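Colleague: Right, I'll just put the structure down here and ask away after.
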Amino acid sequence: MLPLSCVNCCHNPLQLGPTGTAFGYCTRHRVVLQSPELLTCGQLRRKDLYGASVEREQEAHSSRYVRSRPALLHAPKDRKKADLHYERSNGGMPSDRVVEEVLAYGTMPKIATMAALRQIPGTRAEIALTSLGRAYIANCAAKHGAWTSGLHLVWWTLGRLSTAPVIRATDLRTTFGQRIERLTSVAQWLVIGHRLTLVAEVARQSREENDPLADLETLPEEAAMHGDPDQPDETLRFLASKPVQKRIDVALSEARYHALGRAARS
């Protein structure tokens, strides 16, 4: 049931598969998730899907689960038991830069939080940035905003698309009873996939405006044909290949990125 739990929701930026903190945090309900693998809600936005599949699954999920608070996956109507698995943040969290930025999300311009996460080294900060970025892009799309609302997010992500995620031992929140070597490969694969889905979602939005970025919408499917959870290096080699890098440059060159940024500010 992991795909339907809060662990797999973009609104929980602290976790991605086996990587992240032991607890989660929901930026929609602004609560600490003590047992995110047991919880969900009608606003679930799955990290493992993108495009029309996300919207379709979210609609189906919201018909079963309440949208106003976390609920138990297996007993959605049992509010008393669900309440035992999450709590309001009381300011007593141990010091952690990623957690601090995530808890502050929404109390200042959201792009400012994501820019701050970009400056924090490590895979956990990247997971938080990509998760929040995907939720932010979806919200802008729902309001019929221009695809350039995700311009900086997609540019930052393209810049690290073929870079291997560095998974430290302290980044793993659980071992799932698996060998650490394989778990690390799976964690890298998931981070790479998360990057690709963010790019694809911005590219999908740009298609409505006939923008060249739309050519990158199929990158997740193409990358899935090169490598697998046991071979993330193969996927990275594909993304670093000259044909892919040329496509990226045609879709969003550095000169075009800066020009679009200036146009957005004017």
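Colleague: Quick check: the distance between the Cα centres of the range 204-266 and the range 146-175, to the nearest angstrom?
Modeller: First find each Cα centre; the distance between them is then 13 Å.
Colleague: Once you sort the root eigenvalues of the Cα gyration tensor of the range 148-214 as a ≥ b ≥ c, which label holds: rounded (a/c under 1.5), prolate (a/b larger than b/c) or oblate (the other case)?
Modeller: It is prolate, given that a/c is not under 1.5 and a/b is the larger ratio.
Colleague: Quote the relative contact order of the chain in percent (integer), defining contacts as alpha-carbon pairs under 8 Å separated by 6+ residues.
Modeller: It rounds to 18 percent for the chain.
Colleague: Quick check on the chain: helices-only [θ] at 222 nm, where DSSP H runs of length 4 and up contribute -39,500 (n - 2.57) each and the sum goes over total residues. Nearest 500, please.
Modeller: -14500 deg cm²/dmol
Colleague: Quick one: helix 180-207 against the long Cα principal axis of the chain, what's the angle to the nearest 10°, folded into 0 to 90?
Modeller: Helix 180-207 sits roughly 60 degrees off the main axis of the chain.
Colleague: Give the relative contact order (percent, whole number) for the range 180-266; include only Cα pairs under 8 Å separated by 6+ residues.
Modeller: So the answer I get is 27 percent.
Colleague: Give the residue list of chymotrypsin sites (Phe, Trp or Tyr not before Pro) in the range 151-183 that are DSSP loop and have at most 14 other beta-carbon atoms within 10 angstrom.
Modeller: 176
Colleague: While we're on this one: Give the shape of the range 1-88 as rounded, prolate or oblate, defined through the alpha-carbon gyration tensor: a ≥ b ≥ c are the square roots of its eigenvalues, a/c under 1.5 means rounded, and otherwise the shape is prolate if a/b is larger than b/c and oblate if not.
Modeller: In terms of gyration-tensor shape, oblate.
Colleague: Loop only by DSSP, 10 or fewer other Cβ within 10 Å of the Cβ. Give me the trypsin sites (Lys or Arg not before Pro) in the range 36-145 that pass, ordered by residue number.
Modeller: Filter output for the range 36-145: 77, 143.
Colleague: Specify whether the C-alpha gyration tensor of the range 73-192 places it in the rounded, prolate or oblate class, a ≥ b ≥ c being the square roots of the eigenvalues: rounded for a/c under 1.5, otherwise prolate if a/b is larger than b/c and oblate if not.
Modeller: It is oblate, given that a/c is not under 1.5 and a/b is not larger than b/c.
Colleague: For the range 84-128 and the range 7-57, what is the centre-to-centre distance using only Cα atoms, to the nearest Å?
Modeller: 14 Å
Coordinate-derived values only; no laboratory data. Keep in mind the model is a prediction, meaning the values are calculated, not measured. Neighbour counts are summed over all protein chains in view; Cβ atoms, including those assigned to glycine, are modelled from backbone coordinates with ideal geometry.
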